[in-house]
Protein chains: 4
Amino acid sequence: MLYSDNITKVCPEVMAAIQAVDQGDSEPHGADSVSGRLDESFSALFETEVRVFPVATGIAANALSLALVTPPYGTIYCHKRAHVQTTECGAPEHWTGGARLTLFAGEHNRIPVAEIAAALENWNPARPQALRPATPTLTQATEAGTIYCLEHISELAELAHEYGLAVHMDGARFANAVAALGCSPAEMTWKAGVDILSFGATKNGGMCADAVVVFKPELMETARYTRLRAGHEFSKMRFLSAQLEAMVADGLYLRNAAHANAMARRLGDGLVERAGGEIVHPTEINELFIRLPTPVTDGLVAGGIPIRPLAKDDPRPFFRFVTAWNTSPADVDGLVACAADLAT
Amino acid sequence: MLYSDNITKVCPEVMAAIQAVDQGDSEPHGADSVSGRLDESFSALFETEVRVFPVATGIAANALSLALVTPPYGTIYCHKRAHVQTTECGAPEHWTGGARLTLFAGEHNRIPVAEIAAALENWNPARPQALRPATPTLTQATEAGTIYCLEHISELAELAHEYGLAVHMDGARFANAVAALGCSPAEMTWKAGVDILSFGATKNGGMCADAVVVFKPELMETARYTRLRAGHEFSKMRFLSAQLEAMVADGLYLRNAAHANAMARRLGDGLVERAGGEIVHPTEINELFIRLPTPVTDGLVAGGIPIRPLAKDDPRPFFRFVTAWNTSPADVDGLVACAADLAT
Amino acid sequence: MLYSDNITKVCPEVMAAIQAVDQGDSEPHGADSVSGRLDESFSALFETEVRVFPVATGIAANALSLALVTPPYGTIYCHKRAHVQTTECGAPEHWTGGARLTLFAGEHNRIPVAEIAAALENWNPARPQALRPATPTLTQATEAGTIYCLEHISELAELAHEYGLAVHMDGARFANAVAALGCSPAEMTWKAGVDILSFGATKNGGMCADAVVVFKPELMETARYTRLRAGHEFSKMRFLSAQLEAMVADGLYLRNAAHANAMARRLGDGLVERAGGEIVHPTEINELFIRLPTPVTDGLVAGGIPIRPLAKDDPRPFFRFVTAWNTSPADVDGLVACAADLAT
Amino acid sequence: MLYSDNITKVCPEVMAAIQAVDQGDSEPHGADSVSGRLDESFSALFETEVRVFPVATGIAANALSLALVTPPYGTIYCHKRAHVQTTECGAPEHWTGGARLTLFAGEHNRIPVAEIAAALENWNPARPQALRPATPTLTQATEAGTIYCLEHISELAELAHEYGLAVHMDGARFANAVAALGCSPAEMTWKAGVDILSFGATKNGGMCADAVVVFKPELMETARYTRLRAGHEFSKMRFLSAQLEAMVADGLYLRNAAHANAMARRLGDGLVERAGGEIVHPTEINELFIRLPTPVTDGLVAGGIPIRPLAKDDPRPFFRFVTAWNTSPADVDGLVACAADLAT
């Protein structure tokens, strides 16, 4: 099954970390030793002092992040296909107390800087009727499986900062983007101007572990209160912290992501070469968006492979495949072979 | 360490269940088979058709429950020492959109029915200034380690229903209360008039598993949407569902709780008999509230036992001990012996 | 000045009504006699039993209306140029507790029924990620100065009701629409399927008087509580109620609106015939959207007439003129003459 | 009728001001000239630069004020009989996004500084479970008709500022308190440490005019956005601004209040001397709280005077009388004479 990366099992290192903290009693609510050293681990990872707020889901990470930097009368700038808009049931609105999402188009799900610039230039502070510009949010990697290059992020952040706005990065597939860019986590975030980050671990081999990484210490207090009243401060926090620690401890997050990325490219290459596939979005991470001949897709469905066209009404529908930390070359090659057979 | 039941490790059966679902891929967001049969398990447990909404924490369970039955302009009736008031950072206010908690006193943390009756009689629907009475919430067992008897619950629920109000039960220690009463889960909830329940498993041996049990089908839709936007619908839901399933599957929840309860009684008996202890609240579940001679408490602290007086200014302070599913008779007896030595 | 209908003075009948209630003491918070008979007046006007909730502004009327029928996890369907979207600073989000606006295009600011139908068909109740469809809101008359015909409203409402949704009408210019259609208020609202109405009086000669008209009695309780906590239940409510009573008492609302409508047509006709104007949206109420030759608009601006192009970047910008209850034929003719001079 | 000061007509100067601005067209949303100079008028009144945000009601003024300085996870410190707690239907909770009111007792409805001090000392920033201390709010004058002396206010504000908290004053009867203290508005507010003020004019002769006075410029932006989305920015703002301007222009607010205060004392003196009255709270403003012999109160009720005991269950119930700007000595003397007759 290659249709999502949140269907996989927990990767062994993370499961081992969970079991390792399941020994005897431990202080609750983050006062345990694993949780206590998490800020340090992430500060090392990001090469600057950060605070980490683990939460149960990516939706919580995004909504908490946005609530920290967006007033209720603010508007969040996001791509019209961003996860915060399409798939989070209004979590940003709920957590911020009624802020709004302003939607932007943009090829391969990237928001062009010029679009944000135009919106900000049109802003008239003397006319509050249209809400206050608040927080550009970038999904890195995007929902189209593409990534923002560092220059794009920097340029956008610089613009936002000129207007006094904070920049959020939805990093549900943060590791995949870092692996793809070959840069450091620091370069892709605060060095490029990102102020707050949703760090995703669940899709990358975790069990239930995402986190808000706060680069600005003044947001720390609000973060802790908000997380608590949202019900995301686990009483047995160590089981959450341990997952994140295992992820970043020795580069596991990056190995898992690099592998998944490679599997997506392998799948794409195979389907293009052998099954008549046409790439729709550049395959930059672990997601493949591809058009396939109808006999192929019909045959796959008939064979029990759960694929669905992304836009039902599209005359030339395309499909999404998602690889994961545990997708094997054999899985990929098997699917390619099957498609190749159907294509001939 | 006997100062909380959320400091313990995960009980082996629950950990085994987590590992059992960590096999291969599985549908996300509750579409997996374990999550799929959870409603059935809980319906069997409660001897009626219910819907279960697992969430990460007890705070989330309480806040989601209250948000389902309380309008933003409603007021929740709770004991002034209820967890929702003292320890949840305003989660009820946040999730309901600004409802209020109205506080009641009552011996051993139980709200007398007469107090609720008086409040409802004073309600003047033509005077909305004082908010609308909305939801009595009972903590079962209470924060004083006591339980509401079935008659108390029924009487209170009957009264609430007369006024068209729903009744919430905060069951963070639900199992301990069931074990103490020797009744069925059904008798302690819907048969007594409870409309919505926070079912706690984390304190009772879970890792991060509490749940909202909905006895009224019409609340189901709101429950799912609200949980999702609050970030509590795990993408890998099976890891959450499995914990709850293991808990109720063959009575584990009850065995764990009965054991913890017995350990608290054993500790209380020992400290009273051998260390000059005086019971403050009846020891009905796994919590012991006790006054101890100063030499005893000083000695325990000096010996590294983490106990704290509950009310600093009290001239005769008292202490809380909490036993858990994994507290051993030896743990208890050791502590008693140590206290007995100090008392002489 | 013909650039807005909220810049005018209060019409004499309304001012007289305000002064008439300024006699001696009177019960507060709507218990006075004028407020007491307001439901009756509006029930007569609408030929059915309604409840009226006066508020200070049109924004409050819209937001209260929407909050009555939209859950926090719901999405409101509106035109992308609807006042609730463009000009209310997120009031719907604030009052509903974080609902969302879903935007639709449509010629002359009318939402095509087919667009709503498509959105509803795409709704998958098993996928709450995309929020729950909640409330179509129609601006009658629209922000383009056009009206929905009765069939359009009925068709849209029938569709909404099939899905169990309530329909809201933003009637900031309700009277202008009724006058234009020549129908009864009943025909344009509940007989066509409207469930809740923002009734605007401020633009039509009031001082600070808009109202929510509730056609469903079960919304009454929530309406009163919500209005109160939003700070819109005036302690001296009679001054608000009197304005609304004067408006509907003997058809004043309709006379004012019909006059304003006629003046807009007169202005449009004049500018088309004598100043090279080109109508942009049909002139159906008291708003005129028109393109004018550059020399005309430049000359008007030079002469101190405050007109502004509506879309700055439009190569052929157009202008909005708004007439009001007190616009005189002489005002109109003077402007036309001036424009005609500039055009030659 | 002496049971409330929100039952009176509008005072002639305010009505004249309303009519004075009802001339021709005027810019909407506060861009008119009267609104434009309001900040200046209030800055002169308060002897420092302030910003004024007129709103329709006192509830709105309080809720907006509190929302400006209280985070959603904050707790507001108020007297348990404060209007924000007893009579505003949860407006503070609604506007702040779910903050809480923490209640304090205190003689004659004044919060002792020591109580606030104790609460703040108990605050443990490492334990967010109990919410964050946020905003002490003082009702000046109180709901018991008493006033805080300047030293009390200063002391409390100094304490709050030590903890980084802002201080709110609910001045629904601000003028009455200023008149009673014989101090300047500046002395009673910012010079004593008040950071934000609800300035009440409705009870003091206005029609629908209360305002938030902001002493800290950094709150200005949030104030405007929040007021707008709450529906309190009147499109025809001049009718609201004119009321406030008339109030402060030449000391009208103070004359009205001083008169009302004098009438309450006259009434109290008369009822004590001639009808067996016993004062319950010191009569410091325009409210009288008094016990009267049962024959007197029975007789008054029988005679159609609308008085009600404040606490039904009190064995010795007492009554509230409220005088206003237009209460005449004859009104007072007539009531006293009537009571005196009944007492003999």
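The values are calculated or read from the model by the stated rules, or taken from the named source; none is laboratory data. Being a predicted model, the structure only gives us computed values, none of them experimental. All Cβ positions, glycine included, derive from the backbone under ideal geometry; neighbour counts span all protein chains shown. With ligands, DNA and RNA removed, areas are computed over all heavy atoms of the protein, side chains included. Shrake-Rupley method; radii C 1.70, N 1.55, O 1.52, S 1.80 Å.
For segment B:267-285, a residue qualifies if it is in a helix (DSSP H, G or I) and crowded, with 22+ Cβ neighbours inside 10 Å, and the qualifying residues are B:267, B:268, B:271, B:275.
Can you report the number of residues in segment B:19-70 which are touching a residue at least 24 places away in the same chain (Cβ under 8 Å), within 12 Å of chain A (Cβ to nearest Cβ) and assigned to a helix (DSSP H, G or I)? Summing the residues that are touching a residue at least 24 places away in the same chain (Cβ under 8 Å), within 12 Å of chain A (Cβ to nearest Cβ) and assigned to a helix (DSSP H, G or I) in segment B:19-70 gives 12.
Which residue is farthest from residue C:87 (Cα to Cα), if the candidates are limited to segment D:28-50 and must be of a type in the set (D, E, K, R) and surrounded by fewer than 19 Cβ atoms within 10 Å (Cβ to Cβ)? Across segment D:28-50, the extreme among qualifying residues is D:47.
Matching residues to (1) closer than 16 Å to residue B:55 by Cα; (2) aliphatic (A, V, I, L, M); (3) in contact (Cβ under 8 Å) with a residue 40 or more places away in the chain:
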| site | (1), (2), (3) |
| --- | --- |
| B:185 | no, no, yes |
| B:198 | yes, no, yes |
| B:203 | yes, no, yes |
| B:206 | yes, no, yes |
| B:209 | yes, yes, yes |
| B:221 | yes, no, no |
| B:226 | yes, no, yes |
| B:230 | yes, yes, yes |
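Being touching an Asp or Glu at 6+ places or on another chain (Cβ under 7 Å), more than 28 Å from residue D:123 (Cα to Cα) and modelled with pLDDT of 95 or more is true for just one of B:43, B:26, B:35. Which residue is that? After ruling out the rest, the residue left standing is B:43.
Looking for something of a type in the set (Val, Ile, Thr) and either in contact with a Cys (Cβ under 9 Å, 6 or more places away or on another chain) or not in a helix (DSSP H, G or I) (or both) - is there at least one such residue anywhere in segment C:103-113? The answer is yes; a qualifying residue exists.
Restricting attention to segment A:2-18, the residues that are surrounded by fewer than 18 Cβ atoms within 10 Å (Cβ to Cβ) and either within 8 Å of chain B (Cβ to nearest Cβ) or at pLDDT below 90 (or both) add up to 1.
How many of the residues in segment B:128-142 are part of a loop (DSSP other than H, G, I, E, B) and within 12 Å of chain D (Cβ to nearest Cβ)?
Restricting attention to segment B:128-142, the residues satisfying the condition of being part of a loop (DSSP other than H, G, I, E, B) are B:131, B:140-142.
Right, trim to within 12 Å of chain D (Cβ to nearest Cβ) and you get B:131.
Selection size over segment B:128-142: 1.
For segment B:259-266, state whether one or more residues are in a loop (DSSP other than H, G, I, E, B), in contact with a strand residue (DSSP E or B) (Cβ under 8 Å, 6 or more places away or on another chain) and more than 8 Å from every other protein chain (Cβ to nearest Cβ). No, segment B:259-266 contains no residue that is in a loop (DSSP other than H, G, I, E, B), in contact with a strand residue (DSSP E or B) (Cβ under 8 Å, 6 or more places away or on another chain) and more than 8 Å from every other protein chain (Cβ to nearest Cβ).
Does residue D:237 meet the test of being touching a residue at least 12 places away in the same chain (Cβ under 8 Å), open to solvent by less than 30 Å² (accessible area, probe 1.4 Å) and more than 23 Å from residue D:57 (Cβ to Cβ)? No. Among the candidates D:215, D:199, the residue that is under 30 Å from residue D:18 (Cα atoms) and surrounded by fewer than 24 Cβ atoms within 10 Å (Cβ to Cβ) is uniquely D:215.
Annotation note: of A:48, A:102, A:75, A:86, the sole residue that is closer than 19 Å to residue A:212 by Cβ and of a type in the set (Ser, Thr, Tyr) is A:48. Restricting segment B:114-127 to residues that are among the hydrophobic types (A, V, I, L, M, F, W, C) and not in a helix (DSSP H, G or I) leaves a set whose member that is farthest from the chain's Cα centre (by Cα) is B:126. If you go through segment D:143-164 and keep only what is in contact with a strand residue (DSSP E or B) (Cβ under 7 Å, 6 or more places away or on another chain) and open to solvent by less than 10 Å² (accessible area, probe 1.4 Å), you end up with D:144, D:145, D:148, D:153, D:156, D:160.
Filtering segment C:53-99 to residues that are surrounded by fewer than 24 Cβ atoms within 10 Å (Cβ to Cβ) and either over 14 Å from the mean Cα position of the chain (by Cα) or among the hydrophobic types (A, V, I, L, M, F, W, C) (or both) leaves C:69, C:71, C:74, C:75, C:80.
Only one entry of B:220, B:263 meets the criterion of being among the hydrophobic types (A, V, I, L, M, F, W, C), open to solvent by 10 Å² or more (accessible area, probe 1.4 Å) and in contact with a Pro (Cβ under 8 Å, 6 or more places away or on another chain), and that entry is B:263. Restricting B:339, B:302 to residues that are surrounded by 11 or more Cβ atoms within 10 Å (Cβ to Cβ) and of a type outside the set (Ser, Thr, Tyr) narrows the list to B:339. Picking from residues in segment D:186-235 that are more than 14 Å from chain C (Cβ to nearest Cβ) and assigned to a loop (DSSP other than H, G, I, E, B), the one that is farthest from residue D:176 (Cα to Cα) is D:216.
Taking segment B:79-127 as the range and being at the interface with another protein chain (Cβ under 8 Å from one of its Cβ atoms) and aliphatic (A, V, I, L, M) as the test, the residues that pass are B:91, B:99, B:101. The number of residues in segment D:226-256 being touching a helix residue (DSSP H, G or I) at 6+ places or on another chain (Cβ under 8 Å) and modelled with pLDDT under 95 comes to 1. Can you pull out the residues in segment D:240-257 that are more than 12 Å from chain C (Cβ to nearest Cβ) and either buried (at least 19 other Cβ atoms within 10 Å of the Cβ) or not small (Gly, Ala, Ser) (or both)? D:244, D:245, D:246, D:247, D:248, D:250, D:252, D:253, D:254, D:255, D:256, D:257 - these are the residues of segment D:240-257 that are more than 12 Å from chain C (Cβ to nearest Cβ) and either buried (at least 19 other Cβ atoms within 10 Å of the Cβ) or not small (Gly, Ala, Ser) (or both).
Scanning segment D:307-327 for residues that are open to solvent by less than 60 Å² (accessible area, probe 1.4 Å), in a loop (DSSP other than H, G, I, E, B) and touching a residue at least 24 places away in the same chain (Cβ under 8 Å) yields a total of 8. Condition check for residue C:288 on (1) open to solvent by 40 Å² or more (accessible area, probe 1.4 Å); (2) aliphatic (A, V, I, L, M); (3) over 20 Å from residue C:14 (Cβ atoms): one failure, at (1).
When you scan segment C:62-105, how many residues do you find that are in contact with a Leu (Cβ under 7 Å, 6 or more places away or on another chain), of a type in the set (D, E, K, R) and more than 14 Å from residue C:131 (Cα to Cα)? Residues flagged as in contact with a Leu (Cβ under 7 Å, 6 or more places away or on another chain), of a type in the set (D, E, K, R) and more than 14 Å from residue C:131 (Cα to Cα) within segment C:62-105 amount to 1.
Any residue in segment B:143-160 that is among the hydrophobic types (A, V, I, L, M, F, W, C), away from chain D (no Cβ under 14 Å), outside any helix (DSSP H, G or I) and within 30 Å of residue B:16 (Cα to Cα)?
No - not one qualifying residue is present in segment B:143-160.
Screening residue C:56 on (1) in contact with a Cys (Cβ under 6 Å, 6 or more places away or on another chain); (2) at positive phi; (3) among the small types (Gly, Ala, Ser) shows it passes everything except condition (2).
Tell me which residues, restricted to segment C:115-129, are in contact with a strand residue (DSSP E or B) (Cβ under 8 Å, 6 or more places away or on another chain) and among the hydrophobic types (A, V, I, L, M, F, W, C). Within segment C:115-129, C:116, C:119, C:120, C:123 qualify.
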